[in-house]
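Student: Quick one: the structure is below, and I'll ask about it shortly.
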Amino acid sequence: MNEKIWLSSPHMGEMEQQYVKQAFDTNWIAPLGPHVDGFEGDLVAFTKTGHAAALSAGTAALHLALILLNVSAGDEVICQSMTFSASANPIVYQGAVPIFIDSERDTWNMDPELLREAIEDRLSKGKKPKAIIPVHLYGMPAKMKEIMAIAEEFAIPVIEDAAEALGSTLDGKAMGTFGTLGVLSFNGNKIITTSGGGALISDNEGYIKKARFLATQARDAAPHYEHSHIGYNYRMSNVCAAIGRGQMGVLSTRVTQRRRNFDYYREHLGNIAGLSFLEEPEGMISNRWLSTILIDPKVAGITREDVRVHLEKDNIESRPLWKPMHMQPVFKDAAYYGQEVSRGLFSNGLCLPSGSNLTEKDLSRVVSRMKDLLPTG
Ligand SMILES: *Cc1c(COP(=O)(O)O)cnc(C)c1O
């Protein structure tokens, strides 16, 4: 059996262990600590945002963002349908109701026209959405200028789910810094990892201070434990932040490496009929967290599932694109606005191995296995 090629595996640099060793040497293993502050500073510097709170997960960041925006039981929150379930689940944690929006074809993200249609329809039904959650799938920025213009017109705050898009930009500005609040993730499969973690970023210092307060069990200032709010245990530990500090040092290199994967696949598979790649629209730079392709079975003569299974036989991990939330059993009763663009992407889309640690030999093996099946010419 050939060696396993993973979809996206952790890739450590030189410094992570030294930062972790520092945490051990100073016995700073507990939550909070100097590495947490340092990591937050690194995130602020990299994204050129005002403030950052390092948390236990991207999901925790999304949950706190909703709480900060006072989303509560019965409220409606608009969310991109095509995404990982963690974008939508925290809406339900709050007892609120998700309203799903289809994707457009240029970025595969929230369609601004459908966003407007949905807001106007919800308003006509007597309910104003409390927040909007666009997502930058696979690192490709959503059309944030259009989305922010609509959000501002209707005065609805935006929670930007940039969990997959650290290192991506729109007009040179970091993803996660367009919305009222931005969400990052450092889960094991993301472009950089703290083994598990996330962050909330914003120019609004009040929000970030409150996020830190809520994330540490909402302890009021008192020598004893005093609480006037419901709190959460959502803070990042000093050990995880130590890994994060090392990873921030290699983030730019990781973006280059992931983009190289995409360029390699496009160069070697770009001429195959029925196979297509998502190009970057004007002004957008994707970190290419995952390299994705669409396979049109009518032209290629095979489905994305044929390709996935064939790769698997050679110990190569690939995965269908995210299955849209409006197609998920758990959200089957949710409102949805769209023309099934995301359904089509899910049917025909595949994520190829995309780790920054892939070698040219790995990439060449993936391409060869794909060429076994696809008509080249
Ligand atoms: C990974 C991810 C999350 C959740 O982040 P965790 O750190 O795993 O909790 C949220 N949204 C999207 C789009 C993601 O890909």
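Student: Looking at segment 41-75 only, could you name the residues that are part of a helix (DSSP H, G or I) and within 16 Å of the ligand (Cβ to nearest atom)?
Tutor: As a first pass, look at segment 41-75 and keep what is part of a helix (DSSP H, G or I): 41-47, 58-68.
L43, G58, T59, A60, A61, L62, H63, L64, A65, L66, I67, listed by residue number.
Student: So is K128 surrounded by fewer than 16 Cβ atoms within 10 Å (Cβ to Cβ), over 19 Å from the mean Cα position of the chain (by Cα) and not aliphatic (A, V, I, L, M) or not?
Tutor: Details: surrounded by fewer than 16 Cβ atoms within 10 Å (Cβ to Cβ): yes; over 19 Å from the mean Cα position of the chain (by Cα): yes; not aliphatic (A, V, I, L, M): yes.
Here the answer is yes, as K128 does meet what is asked.
Student: Just give me the residues in segment 180-196 being under 12 Å from the mean Cα position of the chain (by Cα), within 9 Å of the ligand (Cβ to nearest atom) and over 12 Å from A53 (Cβ atoms), in sequence order.
Tutor: Across segment 180-196, the qualifying residues are S185, F186, N187, N189, K190.
Student: To continue, here is another question. Name the strands (runs of 3 or more DSSP E) wholly within segment 275-377 that hold at least 2 residues that are in contact with a Lys or Arg (Cβ under 7 Å, 6 or more places away or on another chain), closer than 22 Å to N189 by Cα and modelled with pLDDT of 95 or more?
Tutor: Because the criterion is at least 2 residues that are in contact with a Lys or Arg (Cβ under 7 Å, 6 or more places away or on another chain), closer than 22 Å to N189 by Cα and modelled with pLDDT of 95 or more, the strands (runs of 3 or more DSSP E) in segment 275-377 that meet it are 349-352.
Student: Would a scan of segment 320-337 turn up a residue that is among the hydroxyl-bearing types (S, T, Y) and within 17 Å of K4 (Cβ to Cβ)?
Tutor: First, the residues of segment 320-337 that are among the hydroxyl-bearing types (S, T, Y): 336-337.
Narrowing the set further to residues that are within 17 Å of K4 (Cβ to Cβ) leaves none.
So far as segment 320-337 goes, no, none of its residues is among the hydroxyl-bearing types (S, T, Y) and within 17 Å of K4 (Cβ to Cβ).
Student: Here are some residues: R259, R304. Which one is without any contact (Cβ under 8 Å) to a residue 60 or more places away in the chain and farther than 16 Å from T359 by Cα?
Tutor: Details: R259 fails: farther than 16 Å from T359 by Cα.
Among R259, R304, only R304 is without any contact (Cβ under 8 Å) to a residue 60 or more places away in the chain and farther than 16 Å from T359 by Cα.
Student: A follow-up question, please. For segment 23-33, how many residues are part of a helix (DSSP H, G or I) and surrounded by 16 or more Cβ atoms within 10 Å (Cβ to Cβ)? If you could, list the steps in order and put the result at the bottom.
Tutor: Here is the first cut: in segment 23-33, the residues part of a helix (DSSP H, G or I) are 23-25.
Still in the running and surrounded by 16 or more Cβ atoms within 10 Å (Cβ to Cβ): 23.
Adding up the residues that qualify gives 1.
Student: Test each condition in (1) away from the ligand (no atom under 16 Å from the Cβ); (2) without any contact (Cβ under 8 Å) to a residue 24 or more places away in the chain; (3) in contact with a helix residue (DSSP H, G or I) (Cβ under 9 Å, 6 or more places away or on another chain); (4) hydrophobic (A, V, I, L, M, F, W, C) for V92 and report the one that comes out false.
Tutor: It is condition (1) that V92 fails.
Student: Is it fair to say A199 is within 16 Å of the ligand (Cβ to nearest atom) and modelled with pLDDT of 95 or more?
Tutor: Details: within 16 Å of the ligand (Cβ to nearest atom): yes; modelled with pLDDT of 95 or more: yes.
Against the criterion (within 16 Å of the ligand (Cβ to nearest atom) and modelled with pLDDT of 95 or more), A199 qualifies.
Student: Take the residues in segment 137-170 that are among the small types (G, A, S) and within 16 Å of the ligand (Cβ to nearest atom); name whichever of them is farthest from A199 (Cα to Cα). I'd like the intermediate steps shown before the answer.
Tutor: Going through segment 137-170, the residues among the small types (G, A, S) turn out to be 139, 142, 149, 151, 155, 162-163, 165, 167-168.
Next cut, within 16 Å of the ligand (Cβ to nearest atom) only: 139, 142, 162-163, 165, 167-168.
Values: G139: 16, A142: 19, A162: 10, A163: 9, A165: 13, G167: 14, S168: 16 Å.
Filtering first and then ranking leaves A142.
Student: Evaluate segment 317-338: report whether one residue or more is hydroxyl-bearing (S, T, Y), more than 25 Å from Y93 (Cβ to Cβ) and surrounded by fewer than 21 Cβ atoms within 10 Å (Cβ to Cβ). Can you show your working first?
Tutor: Going residue by residue through segment 317-338, those that are hydroxyl-bearing (S, T, Y) are 318, 336-337.
Applying the additional criterion that residues be more than 25 Å from Y93 (Cβ to Cβ) yields 318.
Retained after the next criterion (residues that are surrounded by fewer than 21 Cβ atoms within 10 Å (Cβ to Cβ)): none.
Checked segment 317-338: no residue is hydroxyl-bearing (S, T, Y), more than 25 Å from Y93 (Cβ to Cβ) and surrounded by fewer than 21 Cβ atoms within 10 Å (Cβ to Cβ).
Student: Run V309 past the list (1) free of Cβ contacts under 8 Å to residues at least 40 places away in the same chain; (2) under 15 Å from R369 (Cβ atoms); (3) in contact with a Leu (Cβ under 7 Å, 6 or more places away or on another chain) and report the number of the one that doesn't hold.
Tutor: The one condition V309 does not meet is (3).
Student: Of the conditions (1) crowded, with 23+ Cβ neighbours inside 10 Å; (2) over 15 Å from the mean Cα position of the chain (by Cα); (3) part of a loop (DSSP other than H, G, I, E, B); (4) small (G, A, S), A142 fails just one. Which one is it?
Tutor: For A142, the failing item is (2).
The values are calculated or read from the model by the stated rules, or taken from the named source; none is laboratory data. Note that the structure is predicted; figures quoted are calculated from it, not measured. Neighbour counts are summed over all protein chains in view; Cβ atoms, including those assigned to glycine, are modelled from backbone coordinates with ideal geometry.
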